[in-house]
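Values quoted throughout were computed directly from the atomic coordinates according to the rules given, and no laboratory measurement underlies them. The structure presented is a predicted model; accordingly, all values stated were derived computationally and were not measured. FYI the Cβ positions are ideal-geometry reconstructions off the backbone, even for glycines, and counts take in every protein chain you see.
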Amino acid sequence: MMLNEAIRKRASVREFNGDMPSDDEISQIIDAAYLAPLTMTSKNSHISVISDKELLKELDECGFKKFGKILNVETSLYNAPVLILISGKIIDTPPLGWGVDAEVFNRNLFWTMGSVVQNMHLSAVALGLAACPINTVVIGLHDRPELMKRAGVPDGYLPLCSLAVGKTEYKYSEKKINAENFSISYLKG
Ligand SMILES: Cc1cc2nc3c(=O)[nH]c(=O)nc-3n(C[C@H](O)[C@H](O)[C@H](O)COP(=O)(O)O)c2cc1C
């Protein structure tokens with residue numbers, strides 16, 4: 001699948017059939033993360049590729065406990081066989097010499113994570129896999145330092161974003177473009 005086709009067909013697909021993607025498929029998705037534009041503090045990020053069934057169950061429950069009711073869902077991971085969790089370092093003190101607040105670095109980190117997840121998501125779509133960004137588990141983990149540790153998050157890091165990935169019977173098709181969520185200005189000279 002070409003890139004523009006993957007962009008037009010990308011969707012958050014939660015219909016996981018339970019089958020595990022191949023090592024090569026996972027490796028291609030991880031390469032897509034490595035190829036994302038990284039800058040400043042995002043260069044110290046950590047990727048956990050989680051396929052341990054017991055751990056996934058605990059992570060699913062962790063997200064569900066916090067958001068299941070409000071989102072009216074039965075599960076937070078939808079039986080996905082793999083969760084790719086990315087953690088990074090939020091800083092309180094900016095590196096010397098930049099003359100900007102730590103918050104500016106942290107905003108750059110979140111911006112970068114968007115690119116990382118999107119690269120991985122598009123890669124998964126191009127491979128015909130189901131993939132869905134998952135925030136519920138990321139936020140749920142913030143209250144669970146011990147589970148965070150078991151999910152591979154290094155000391156001093158926080159979970160920032162995640163993508164659930166797995167095989168699917170879902171057939172991607174081009175989506176209708178919806179421009180309603182943006183206002184737009186063309187500033188032509
Ligand atoms: C930052 C972010 C976090 C998300 N977290 C979740 C989540 O926790 N659970 C879920 O089912 N979908 C999650 N989604 C998927 C959104 O529901 C989905 O992107 C949105 O409904 C638009 O649908 P589309 O991705 O198919 O275009 C998340 C999406 C984004 C961008």
Does the stretch 47-60 include one or more residues that are among the hydrophobic types (A, V, I, L, M, F, W, C), outside any helix (DSSP H, G or I) and away from the ligand (no atom under 16 Å from the Cβ)?
-> yes
Counting only residues that are away from the ligand (no atom under 14 Å from the Cβ) and crowded, with 16+ Cβ neighbours inside 10 Å, how many does the stretch 130-149 have?
-> 3
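Rundown of residues vs (1) in contact (Cβ under 8 Å) with a residue 40 or more places away in the chain; (2) in a strand (DSSP E or B), yes/no style:
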| residue | (1), (2) |
| --- | --- |
| VAL137 | yes, no |
| GLY140 | yes, no |
| ASP143 | yes, no |
| GLY156 | yes, no |
| PRO159 | yes, yes |
| LEU163 | yes, yes |
| TYR172 | yes, no |
| PHE182 | no, no |
| SER185 | no, no |
All but one of (1) part of a helix (DSSP H, G or I); (2) buried (at least 17 other Cβ atoms within 10 Å of the Cβ) hold for ASN108, so report the exception by its number.
-> (2)
When (1) among the polar types (S, T, N, Q); (2) buried (at least 21 other Cβ atoms within 10 Å of the Cβ); (3) in contact with a Leu (Cβ under 7 Å, 6 or more places away or on another chain) are applied to SER76, the one that fails is (3)
Hey, can you tell me all the residues within the stretch 57-89 that are under 15 Å from the mean Cα position of the chain (by Cα) and of a type in the set (A, V, I, L, M, F, W, C)?
-> LEU59, LEU77, ALA80, VAL82, LEU83, ILE84, LEU85, ILE86
